[in-house]
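Just below is one structure, and these are the notes that go with it.
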Amino acid sequence: MSGASRSSQVEDTVKDMWATRPRRPRRGRKVAGVAAGIGQRYGIDPVVPRVLFAVLTFYGGAGLLFYVLGWLLLPEEDDEVSPVEALAGKGRSATSPFFTVVLCASLIPLFAWFLDKDFGGFFGLVACAVLVYALHRGRAHLGRVPEPPAQSAPEHPSAVDYAAHTVPVYVPEPPMSSPVQPELADQAPRTTPPEWDPLGAAPFAWDLPEPSRPEPEAERPVPAKRSKAGLVTVGVSLLAVGGLVLAGPTLGDWVSVPHVIGVVLGIVGIGMFLGSFRRGGRGLIGLAAPLAALGIAMTVVWPDGFEGGGMGDLRAQPTTLAQVQPEYVRNVGSVELDLTALTEKTGTVKTRAAIDVGDVTVVVPATADVVVRCEAGLGDVRCLTEGRGGSSPMVDVTDYGPDGPGGLRIELHAEATGPGSVEVTRG
């Protein structure tokens with residue numbers, strides 16, 4: 001196939017996707033009905049797109065961005081056009097113009113999250129687009145609403161064939177041996193069986209319908225075969241884990257728990273996608289949900305592992321360099337470290353203040369030389385003279401204070417590995 005024909009085929013497929021795009025149902029929806037509409041349009045379980053939306057949300061917000069775009073571009077089942085098209089005056093939509101504007105405004109922070117420096121959101125959005133394109137290529141014939149057949153009305157009442165609607169009635173003629181005498185024509189109609197009727201039936205029973213035959217018994221539906229998508233997916237996942245363990249010495253540090261979880265989660269996702277074509281693979285959700293939660297925790301919230309720092313608030317105010325601990329750690333809560341009470345005016349101290357979920361606050365002496373790194377998984381960092389926010393913000397600052405270089409030197413690492421905030425100020 002030439003490049004021009006491939007381009008034309010892709011263009012035709014995209015045009016058909018838009019012309020026959022799903023409609024968001026009013027029943028069976030969880031939020032806006034985007035996943036339910038995709039499931040009805042392509043004949044798959046709506047749980048599958050819901051899980052994919054949830055998983056891809058953690059890759060730069062691609063799943064959430066794709067869902068909001070579907071909310072804006074897919075019309076409801078009883079609407080003429082989508083909310084965006086209704087806003088442009090092209091038809092009627094049940095979504096109010098004000099709410100449509102709010103949804104459009106929400107795309108600004110979503111795109112800011114999507115355009116992250118690690119390109120995770122970009123790859124997630126590409127994955128969404130490729131999956132929808134492949135789904136349409138394979139199941140575009142499903143879920144189409146057939147047009148009602150046109151019925152032509154007769155041009156004039158006289159053109160109606162009334163004879164076609166007349167039910168013929170068979171009336172037996174008398175035999176030749178019994179001619180009808182003219183003088184009996186004026187008499188009343190016969191109510192008793194004539195002599196030539198061998199069955200002796202009354203006239204009203206001469207044209208009774210024949211007895212109907214009993215209808216054949218309907219065949220019992222054959223139960224559908226149970227899909228083996230779940231069993232095959234679990235088997236492939238176990239083989240993949242075994243292969244990674246055997247290849248561990250060759251691959252080195254790449255074989256880690258987060259990477260293994262990512263590989264298995266990818267295999268489970270493919271199994272759910274392929275199994276949805278046969279109404280199978282739904283049981284894999286019980287495996288995908290905890291794997292996704294664990295993978296998200298180990299890559300977004302705790303990329304360096306879960307530290308056993310406990311929960312709650314940690315407050316420390318050492319007065320000598322010897323009292324400063326190498327690190328102050330909490331899992332959930334807050335860490336507050338005050339170094340302004342240090343009595344030494346010279347020397348060097350190194351420490352780390354970290355939390356998995358929560359806030360970190362560090363106060364350093366006004367004249368100390370400070371070399372500090374502030375970072376967070378998701379949130380805001382304010383590090384002396386610089387600040388940043390969003391996803392994975394990080395700031396490196398070297399500040400010698402108002403008196404210039406010399407005196408006490410503090411080397412500090414302040415971080416919130418998951419969602420939280422970090423602040424380093426001078427006292």
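The values are calculated or read from the model by the stated rules, or taken from the named source; none is laboratory data. Remember, predicted model here, so these are calculated numbers, not experimental data. For neighbour counting, all protein chains shown are included, and Cβ atoms are generated from backbone atoms with ideal geometry for every residue, glycine included. Keep in mind that these areas ignore ligands, DNA and RNA; they rest on the heavy atoms of the full protein, side chains included. Shrake-Rupley method; radii C 1.70, N 1.55, O 1.52, S 1.80 Å.
Selection of segment 39-56 for residues being assigned to a helix (DSSP H, G or I) and free of Cβ contacts under 8 Å to residues at least 40 places away in the same chain yields GLY39, PRO49, ARG50, PHE53.
Restricting attention to segment 343-371, the residues that are assigned to a strand (DSSP E or B), touching a Leu at 6+ places or on another chain (Cβ under 7 Å) and at positive phi total 0.
Taking (1) open to solvent by less than 50 Å² (accessible area, probe 1.4 Å); (2) closer than 26 Å to LEU110 by Cβ in turn, ASP359 satisfies each apart from (1).
Pairs only if they're at least six apart or on different chains, beta carbon under 7 angstrom, first in segment 7-33 and over 16 Å from ILE44 (Cα atoms) and part of a helix (DSSP H, G or I), second open to solvent by less than 70 Å² (accessible area, probe 1.4 Å) and not aromatic (Phe, Trp, Tyr); list them, first residue then second. Close Cβ pairs (under 7 Å, with a partner that is open to solvent by less than 70 Å² (accessible area, probe 1.4 Å) and not aromatic (Phe, Trp, Tyr)) amount to THR13/HIS136; ASP16/ALA140; MET17/HIS136. Criterion applied to GLY333, GLY262, GLY305 was being at pLDDT below 90 and assigned to a helix (DSSP H, G or I), and the one residue passing it is GLY262.
Restricting attention to segment 30-44, which residues are of a type outside the set (A, V, I, L, M, F, W, C) and open to solvent by 30 Å² or more (accessible area, probe 1.4 Å)? LYS30, GLN40 - these are the residues of segment 30-44 that are of a type outside the set (A, V, I, L, M, F, W, C) and open to solvent by 30 Å² or more (accessible area, probe 1.4 Å). The set of residues from segment 59-89 being more than 19 Å from ARG26 (Cβ to Cβ), open to solvent by 80 Å² or more (accessible area, probe 1.4 Å) and part of a loop (DSSP other than H, G, I, E, B) comprises just one member, TYR59.
Kindly indicate the residue of segment 372-427 that is under 30 Å from the mean Cα position of the chain (by Cα) and not in a strand (DSSP E or B) and also surrounded by the fewest Cβ atoms within 10 Å (Cβ to Cβ) among those meeting that condition.
Our first condition is that a residue be under 30 Å from the mean Cα position of the chain (by Cα); within segment 372-427, this holds for 376-380, 389-393, 416-421.
When the remaining residues are screened for being not in a strand (DSSP E or B), the result is 392-393.
Details: SER392: 16, PRO393: 21.
So the residue we want is SER392.
Being in contact (Cβ under 8 Å) with a residue 60 or more places away in the chain and out of contact with any strand residue (DSSP E or B) (no Cβ under 8 Å at 6 or more places or on another chain): is that true of GLU344 here? Yes; evaluated as a whole, the condition is true for this residue.
Scanning segment 90-104 for residues that are of a type in the set (D, E, K, R) and either touching a residue at least 40 places away in the same chain (Cβ under 8 Å) or surrounded by 12 or more Cβ atoms within 10 Å (Cβ to Cβ) (or both) returns a single hit, LYS90.
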